[in-house]
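Inspection log for the structure reproduced underneath, given as structure tokens.
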Amino acid sequence: MSTEQGDRRQGRGRRRSRAFVAGFSVVVAVLAVVGLGTAAASVAIGPRVTSVDVDPSAAVAASGSRLIVTLSQSVAEVDPSQVNVSPETPVEVDTSGRSIGVRFTLPLWDETEYTVTIEGVEGIGGGSATTVVESFTTPPLGDFLLQRGDGEDTIFFTGIDGEEAVPVYTHPHIEDFRATAAHLVVSVLTPEDTAALIVTDRDGEGARELPLPGFGFISNLQVADRGETIGYTFTDASVGEGRGDESMLYTASAQESAGADAPVAVQVSGADPRVADFRFVPDTASVLLLSFDGTLLLTDATGANATALGSALEIDGIARGTSVAVVNRFDATVQIDLTTAEEQQLVEADPDTGPISAVAPLPDGATLRTNALFDADGVLIGSAITHVAVDGTATPITVFDTSDAVIQTCVSPSARYAAILVAPDAASNPYDEYLLPLPQQVETRIVQIADAEPVVSLAGSSISWCQVPPQ
């Protein structure tokens, strides 16, 4: 090949190379323009919902469940004022990257369609705002009930209508039980007449025994709203001989993990170790306890960092989703904000409901009060459960004549229903011989609080809505 031919070929190669580079640059430029255009269009359109995560069953059972909305781009922080829930319920809102979390601070009503609207959702880079609308329907509410029988006691699971009750767990002697999110915790008496704590799955399977502080007796079994924490007071069988625990408060876990279920004594330094009553404070690791000497104390689950809150006779309760306790002082019934220690007297009912024997607090600050009814001559004619609003407006929920004895009133997780434990024909309805005695015939009557509409009457006691045993 001549030198001239070689130079011509090299020239053609350089021209082809320049043409390829130029063509490639055009393609890259076009793709960049398309990409920028797509990005610009995405920003212009605004964030789009790519997925939604919510557990309606958990939302009915307990506070703290969340609806999480994931969007197509990172979004600016959403203010709670941008969020509307219908039917109305309190929420907390958090924003992280492409996700918006809506936390329901109270359990939701059963068999109800909820619509969550989030207005003005904007991408971090600006652009058009988006309104997010998501709906879901909650399932029917279920509950556990205890039926004591002749030689065999049974815990049943049933729907709110009482239909198709399913036996879940049986034992020759069930004193009491509580339900956590994942377990049943059952207090039983052994053939040796000492207490045992049995934990099962919620379907009654996988039964195992929890270790106790010794041989003795359990009372006031309770469970925290979350964390599978349980609490109870324990009295040693040998306490009458001058040794062992007497009404000592212990906590433990229903979870099956190494050492987690070992009982931990809750003892406040310098205070009477004997506990007359206690409550877990919702959504916290704190315990409100009342010692034998009448001292009211707010402490953590080990007894440390205790705060004295004066003297009291009784703890009526703490509404779910709140930190406001209703407490009987020696001279008045008061509501104490456990986060600030501020208190105010229980509002007077209008019209006057009469003598009050029990108070069940509701999340909105209202109360359900059990009160005696008298005629004009001062003769007892029955009893009533009355809803008393924050402003004192009193509305009867249900009324009983003197033949029926009201034992306990509990509120469903969402505060939609009241469950009233009643001993019918009380005069001819003797108590059994359990350590936690109950009339031989009991009924749990469920009433819708908002309109006083009766829902169902169930045979059995200790409905799993209750935070404490019948008293």
Seminar exercise, completed: Among (1) out of contact with any Ser or Thr (no Cβ under 7 Å at 6 or more places or on another chain); (2) open to solvent by 30 Å² or more (accessible area, probe 1.4 Å); (3) hydrophobic (A, V, I, L, M, F, W, C), VAL168 falls short only on (2)
Exercise. Which condition number in (1) out of contact with any helix residue (DSSP H, G or I) (no Cβ under 9 Å at 6 or more places or on another chain); (2) open to solvent by 30 Å² or more (accessible area, probe 1.4 Å) is the one that ALA181 fails?
Worked result: (1)
Problem set entry | In region 129-167, residue farthest from THR115 (Cα to Cα) [restricted to those that are among the β-branched types (Val, Ile, Thr) and over 22 Å from the mean Cα position of the chain (by Cα)] | THR154
For this session: Give me a count of the residues in region 350-360 that are part of a strand (DSSP E or B) and open to solvent by 20 Å² or more (accessible area, probe 1.4 Å).
Result: 4
Problem set entry | Listing of strands (runs of 3 or more DSSP E) fully contained in region 144-218 that carry 2 or more residues being touching a residue at least 12 places away in the same chain (Cβ under 8 Å), under 26 Å from VAL456 (Cβ atoms) and of a type in the set (Val, Ile, Thr) | 153-159, 166-171, 183-189
Problem set entry | Residue ID - nearest to the chain's Cα centre (by Cα), chosen from residues in region 283-308 that are farther than 16 Å from ALA341 by Cα and open to solvent by less than 30 Å² (accessible area, probe 1.4 Å) | GLY303
For this session: May I ask you to list pairs of residues, at least six apart or on different chains, whose Cβ atoms are under 6 Å apart, with the first in region 280-309 being farther than 18 Å from ALA224 by Cα and the second being part of a strand (DSSP E or B) and of a type in the set (Gly, Ala, Ser)?
Result: PHE292/ALA276; GLY294/SER311; LEU296/GLY310
Exercise. When you scan region 242-275, how many residues do you find that are among the aliphatic types (A, V, I, L, M) and either closer than 18 Å to LEU338 by Cβ or part of a loop (DSSP other than H, G, I, E, B) (or both)?
Worked result: 9
For this session: Take SER257 and decide whether it is of a type in the set (S, T, N, Q), surrounded by 21 or more Cβ atoms within 10 Å (Cβ to Cβ) and farther than 14 Å from THR235 by Cβ.
Result: no
Exercise. Of all residues in region 364-386 being of a type outside the set (D, E, K, R) and open to solvent by 40 Å² or more (accessible area, probe 1.4 Å), which is farthest from VAL287 (Cα to Cα)?
Worked result: ALA376
Exercise. From the set of residues in region 418-434 that are modelled with pLDDT under 95 and of a type in the set (A, V, I, L, M), which is nearest to the chain's Cα centre (by Cα)?
Worked result: ALA426
Exercise. Restricting to region 413-471, what's the tally of residues that are farther than 17 Å from SER383 by Cα, out of contact with any strand residue (DSSP E or B) (no Cβ under 8 Å at 6 or more places or on another chain) and hydrophobic (A, V, I, L, M, F, W, C)?
Worked result: 2
Exercise. Which one of THR409, THR398 is open to solvent by 20 Å² or more (accessible area, probe 1.4 Å) and under 25 Å from the mean Cα position of the chain (by Cα)?
Worked result: THR409
Exercise. What about ALA179, is it aliphatic (A, V, I, L, M) and within 20 Å of PRO470 (Cα to Cα)?
Worked result: yes
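Answer yes or no: is there a residue in region 130-146 that is out of contact with any Ser or Thr (no Cβ under 9 Å at 6 or more places or on another chain) and buried (at least 19 other Cβ atoms within 10 Å of the Cβ).
Checked against the condition, which is being out of contact with any Ser or Thr (no Cβ under 9 Å at 6 or more places or on another chain) and buried (at least 19 other Cβ atoms within 10 Å of the Cβ), region 130-146 yields at least one hit.
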Exercise. How many residues, within region 330-349, are under 24 Å from GLN267 (Cβ atoms) and surrounded by 14 or more Cβ atoms within 10 Å (Cβ to Cβ)?
Worked result: 2
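Select, from VAL83, VAL102, the only residue that is closer than 25 Å to ARG320 by Cβ, modelled with pLDDT of 95 or more and either surrounded by fewer than 16 Cβ atoms within 10 Å (Cβ to Cβ) or under 22 Å from the mean Cα position of the chain (by Cα) (or both).
Answer to the selection: VAL102.
The values are calculated or read from the model by the stated rules, or taken from the named source; none is laboratory data. Not measured: the values here are computed from a predicted model. In this analysis, Cβ positions are derived from the backbone assuming ideal geometry, glycine residues included, and neighbour counts consider all displayed protein chains. Note: areas computed on protein heavy atoms with side chains; ligands, DNA, RNA excluded. Shrake-Rupley method; radii C 1.70, N 1.55, O 1.52, S 1.80 Å.
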